[in-house]
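The structure appears right after this line, and notes come after that.
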Amino acid sequence: MVDIKEKNNIKGFESSLVNEFVKEMLKEQRRNRRWGIFFKLIFVIYIAAFFVIYAYENTSIGNFSNQKHTALIEINGIISAETEANADFIITGLRRAYEDKNTQGIILRINSPGGSPVQAGYVNDEIKRLKVKYPDIPIFAVITDICASGGYYIAAAADKIFANKASVVGSIGVVMAGFGFVGAIEKLGIERRLLHSGDHKALMDPFSPLDFFEEAHMQKILDKIHQQFISVVKDGRGDNLSNNEELFSGLIWSGEESIELGLIDGLASASEVARDFIGSEHIINYTRRENYFDRFTRQIGTAIFHSFNTAYSTR
């Protein structure tokens, strides 16, 4: 039989154990709360830093220029909504350059094989609008290595176009490319299963035989876009263009040959244009580039999309 003293000892031990357990729980809660506050604070600082960087990098450069200058906007690489050579970035740079009271002239320095006719069209249209709004500010296109297709679509809106004698210029045309795997899947014994509503919903499917109606339809669209391209070039270059039958065939030429064809006005670099045509050798770069905030928001958006897509697809 356990005596009273021993029972009290056991109860005291149990009570002490419970107290220690409760204390540890409270400590852990306080610790978690402190870490929670710490991480929330870090997150707020992180977001605030991104906004500061975004505001700094997107503040109009022209507001800080205190002398007369030539504004430079670079268009590099494929013109696409997914690249830095997209209409939003280019137009942002253009507007900042035009809005700066110290801008004496603008140079579009282009090194692009082309890309989206839609993105190029947006830029061409905006240049025309800004030229009307700011008639005293000339705009020149300077070609470096290559200015083809959509690149030339943009250049055509400039007052004058310059290049190097070895630059590649032209490719005034539209292309759509793909593959047909019908014979290959037949040889491999693969059965194509394709369900669709709408007679032409599977338009130009590479695993189905070529439909001549669809081919004619797509060719009609390409021809229409080509005519739009030709109109833009003729509107921009006017009487400068030669009567060469191959001018709008999609061919490319050297910078030297392009002068004779009327595709460009002369041979010059950006610094030469700034000095000899604009009259201001001081150049300020207004090129809008993707910054940390842009990448962060794009990654967040992609992550949210994938999370939503995954959640949806698992239901």
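Could you check residue 282 against (1) in contact with a His (Cβ under 9 Å, 6 or more places away or on another chain); (2) within 15 Å of residue 73 (Cβ to Cβ) and say which number it fails?
(2)
Take the residues in the range 229-256 that are among the charged types (D, E, K, R) and either outside the structural domain of residue 125 (by TED's automatic domain parsing) or closer than 14 Å to residue 170 by Cβ (or both); name whichever of them is surrounded by the most Cβ atoms within 10 Å (Cβ to Cβ). Show your work before the answer.
Step one: of the range 229-256, the residues among the charged types (D, E, K, R) are 234-235, 237, 239, 245-246, 256.
Still in the running and either outside the structural domain of residue 125 (by TED's automatic domain parsing) or closer than 14 Å to residue 170 by Cβ (or both): 237, 245-246, 256.
Working: 237: 21, 245: 7, 246: 12, 256: 15.
This residue is 237.
Name the pairs whose Cβ atoms lie under 7 Å apart, with the first residue in the range 261-274 and part of a loop (DSSP other than H, G, I, E, B), the second among the hydroxyl-bearing types (Ser, Thr, Tyr) and crowded, with 19+ Cβ neighbours inside 10 Å, and 6 or more positions between them or separate chains?
Here the result reads 264/258, each pair linking the range 261-274 to a residue that is among the hydroxyl-bearing types (Ser, Thr, Tyr) and crowded, with 19+ Cβ neighbours inside 10 Å.
Quick grid of which residues meet (1) under 30 Å from residue 254 (Cβ atoms); (2) not assigned by TED's automatic domain parsing to the domain that holds residue 101:
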position	(1), (2)
130	no, no
155	yes, no
173	yes, no
177	yes, no
193	no, yes
215	no, no
218	no, no
227	yes, no
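Count, please, the residues in the range 158-213 that happen to be of a type in the set (Asp, Glu) and not in a loop (DSSP other than H, G, I, E, B). Walk me through how you get there before you give the answer.
The first filter runs over the range 158-213 and keeps only residues of a type in the set (Asp, Glu), leaving 159, 186, 191, 199, 205, 211.
Retained after the next criterion (residues that are not in a loop (DSSP other than H, G, I, E, B)): 186.
Of the residues in that region, 1 qualify.
In the list 162, 181, which residue meets the criterion of being within 30 Å of residue 275 (Cα to Cα), in contact (Cβ under 8 Å) with a residue 12 or more places away in the chain, among the aromatic types (Phe, Trp, Tyr) and surrounded by 11 or more Cβ atoms within 10 Å (Cβ to Cβ)? Lay out the reasoning, then the answer.
On the way: 181 fails: within 30 Å of residue 275 (Cα to Cα).
That would be 162, the only listed residue that is within 30 Å of residue 275 (Cα to Cα), in contact (Cβ under 8 Å) with a residue 12 or more places away in the chain, among the aromatic types (Phe, Trp, Tyr) and surrounded by 11 or more Cβ atoms within 10 Å (Cβ to Cβ).
Determine if the range 187-200 includes at least one residue that is closer than 25 Å to residue 117 by Cβ, touching a helix residue (DSSP H, G or I) at 6+ places or on another chain (Cβ under 8 Å) and not hydrophobic (A, V, I, L, M, F, W, C). Outline the logic, then answer.
From the range 187-200, those closer than 25 Å to residue 117 by Cβ are 200; that's our starting set.
If we keep only those that are touching a helix residue (DSSP H, G or I) at 6+ places or on another chain (Cβ under 8 Å) too, we end up with 200.
Checking the rest, the ones that are also not hydrophobic (A, V, I, L, M, F, W, C) come to 200.
Looking for residues that are closer than 25 Å to residue 117 by Cβ, touching a helix residue (DSSP H, G or I) at 6+ places or on another chain (Cβ under 8 Å) and not hydrophobic (A, V, I, L, M, F, W, C), one finds at least one in the range 187-200, hence yes.
The values are calculated or read from the model by the stated rules, or taken from the named source; none is laboratory data. Only a predicted model underlies this, so the values are computations on that prediction, with no experimental measurement involved. Because the Cβ atoms are built from the backbone with ideal geometry, glycine has one as well, and the counts that use them run over all protein chains shown.
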